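Notes follow the structure.
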Amino acid sequence: MKVAIYGAGAIGGHIAASLAHTGEVEVTMIARGKTLQAINDHGLRIYFDNGDTLSTYSNVTAVEDPAEAGPQDYVILALKAPVVRTIADALQPLLGPDTAIVTAMNGVPWWYFHAHGGPLDGARLESVDPNGELSEKLPPARCLGCVVYPAAEIVEPGMIRHEYGNRYMLGEPDGSKSERAQALSKAMNAGGLKAPVRPRIRDDIWLKLWGNVAFNPISALSLGTLAQIAGEPGTRRVARAMMVEAQAVAEALGVKMTVDVDTRIKWAGDVGEHKTSMLQDLERGRTMEVDSMVTAVSEIGDKLTIETPAIDTVLGLLIQRAKLAGCY
């Protein structure tokens with residue numbers, strides 16, 4: 001099995017190390033700069049479970065030009081959603097006739113309504129796939145969903161610290177347990193991950209998105225941590241209003257929420273004094289995942305004629321905040 005991972009960050013590194021651990025997967029990371037050099041000089045290095053022992057994987061190859069890797073069985077996109085549009089052309093040498101694209105990203109993916117079967121079956125979201133460019137270059141039929149739950153961080157280029165979690169939910173857009181999904185699941189499980197093939201991957205996407213649609217933008221506007229947002233009555237009230245609206249949108253699409261909104265808020269608060277990824281991006285001057293996490297939910301609401309006033313209000317503020325910071 002040949003697997004290329006586009007995105008040599010913390011999550012990409014965690015997946016790469018886990019697959020390399022089996023010794024049966026040919027793993028290539030698309031990297032550049034100091035990360036590229038570090039992996040080629042020293043191997044991919046990772047501390048699993050915040051441990052003291054540093055594991056090194058010299059069987060992970062790193063290349064800058066995807067053409068050097070050639071066609072793969074799987075291409076795992078461990079990237080922020082806005083980046084995908086910028087690398088769609090560069091991905092092409094990795095795509096053979098049967099290559100699967102695995103979207104290990106937050107938010108609503110561009111393939112979301114492919115084989116959906118619901119009221120918006122086959123629809124395209126302008127917020128995540130402007131002018132249909134992604135669907136043309138990275139056809140939804142190639143895509144496998146992947147919902148990421150682990151947390152990891154970059155210690156230095158080519159060195160990762162895995163903090164906690166090993167769940168990566170996989171799923172076909174049509175809900176089938178395809179051979180390609182089961183083969184990847186088997187390889188990831190063999191590397192110590194928990195990667196079941198889920199028949200309703202969109203339920204998993206929304207369970208994570210449910211928190212992200214509210215806590216991420218509120219954190220970028222307030223600079224608050226998850227615990228602070230959930231614990232302060234005013235921000236908790238805003239988050240709850242946004243999540244109630246998002247739930248209405250999700251359920252109109254046939255999504256089954258497995259917990260109630262207050263439980264989901266409690267989960268976020270229980271994480272503690274953690275800065276959301278959107279706040280971290282704002283502080284570091286990086287492009288924020290505004291459209292995949294928030295704008296897409298508003299757009300789906302419009303298509304379903306479901307009003308989302310709380311989401312729309314916060315979204316307007318968030319877009320201005322992001323533009324003024326050069327992060328949009």
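A few comments on the model shown:
- Tabulated pairs, the stretch 33-57, first in the same structural domain as ILE160 (by TED's automatic domain parsing) and hydrophobic (A, V, I, L, M, F, W, C), second crowded, with 18+ Cβ neighbours inside 10 Å and in a helix (DSSP H, G or I), C-beta under 6 angstrom, 6+ apart or interchain: LEU44/ALA16; LEU44/ALA17; ILE46/ALA17
- Test: residue in the stretch 17-35 that is modelled with pLDDT of 95 or more and within 30 Å of ALA246 (Cβ to Cβ): no
- Criterion: among the basic types (Lys, Arg) and touching a helix residue (DSSP H, G or I) at 6+ places or on another chain (Cβ under 6 Å) - qualifying residue of ARG124, ARG180, ARG202: ARG124
- Only one of GLY23, GLY33 that is within 25 Å of CYS327 (Cβ to Cβ) and either acidic (Asp, Glu) or over 21 Å from the mean Cα position of the chain (by Cα) (or both): GLY33
- Residues being in a helix (DSSP H, G or I), of a type outside the set (A, V, I, L, M) and within 15 Å of VAL75 (Cα to Cα) - total across the stretch 19-45: 0
- Count of residues meeting criterion [among the charged types (D, E, K, R) and at positive phi] in the stretch 33-64: 1
- Residue match in the stretch 204-214 (condition: in a strand (DSSP E or B) and either over 19 Å from VAL27 (Cβ atoms) or in the same structural domain as THR22 (by TED's automatic domain parsing) (or both)): no
- Scan of the stretch 296-307 for residues that are outside any helix (DSSP H, G or I) and closer than 12 Å to ALA250 by Cα, ordered by number: LEU304, ILE306
- Qualifying residue in the stretch 37-58 (condition: farther than 23 Å from LYS137 by Cα and of a type in the set (Lys, Arg)): yes
- Whichever residue in the stretch 300-320 is surrounded by fewer than 19 Cβ atoms within 10 Å (Cβ to Cβ) and touching a residue at least 40 places away in the same chain (Cβ under 8 Å) and, among such residues, is nearest to ASN216 (Cα to Cα): LEU317
- Residue within the stretch 161-177 that is crowded, with 23+ Cβ neighbours inside 10 Å and assigned to a helix (DSSP H, G or I) present: no
Matching residues to (1) over 19 Å from GLN72 (Cα atoms); (2) in contact (Cβ under 8 Å) with a residue 60 or more places away in the chain:
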site	(1), (2)
VAL83	yes, yes
ILE101	no, no
MET105	yes, yes
ALA123	yes, yes
GLU126	yes, yes
PRO130	yes, no
ALA141	no, no
GLU153	yes, yes
LEU170	no, yes
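- All positions within the stretch 225-260 that are without any contact (Cβ under 8 Å) to a residue 24 or more places away in the chain and either surrounded by 17 or more Cβ atoms within 10 Å (Cβ to Cβ) or outside the structural domain of SER298 (by TED's automatic domain parsing) (or both): THR235
- ARG167 farther than 23 Å from LEU315 by Cα, in contact with a Phe, Trp or Tyr (Cβ under 6 Å, 6 or more places away or on another chain) and of a type in the set (D, E, K, R): yes
Residue-wise test of (1) under 18 Å from the mean Cα position of the chain (by Cα); (2) at pLDDT below 95; (3) outside the structural domain of SER277 (by TED's automatic domain parsing).
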{"site": "LEU77", "(1), (2), (3)": "yes, no, yes"}
{"site": "LEU95", "(1), (2), (3)": "no, no, yes"}
{"site": "TRP111", "(1), (2), (3)": "yes, no, yes"}
{"site": "GLY122", "(1), (2), (3)": "no, no, yes"}
{"site": "SER135", "(1), (2), (3)": "yes, no, yes"}
{"site": "VAL147", "(1), (2), (3)": "yes, no, yes"}
{"site": "GLU153", "(1), (2), (3)": "yes, yes, yes"}
{"site": "MET159", "(1), (2), (3)": "no, no, yes"}
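- Inclusion of ARG237 among residues that are over 19 Å from the mean Cα position of the chain (by Cα) and at pLDDT 95 or above is warranted.
- Residue satisfying all of: in the stretch 46-59; within 22 Å of the chain's Cα centre (by Cα) and surrounded by 17 or more Cβ atoms within 10 Å (Cβ to Cβ); nearest to LEU77 (Cα to Cα) among these: ILE46
The values are calculated or read from the model by the stated rules, or taken from the named source; none is laboratory data. Quick caveat, the model's predicted, so the values are computed rather than measured. Methodologically, a virtual Cβ is constructed for each residue, glycine included, from the backbone with ideal geometry; neighbour enumeration extends over all protein chains shown.
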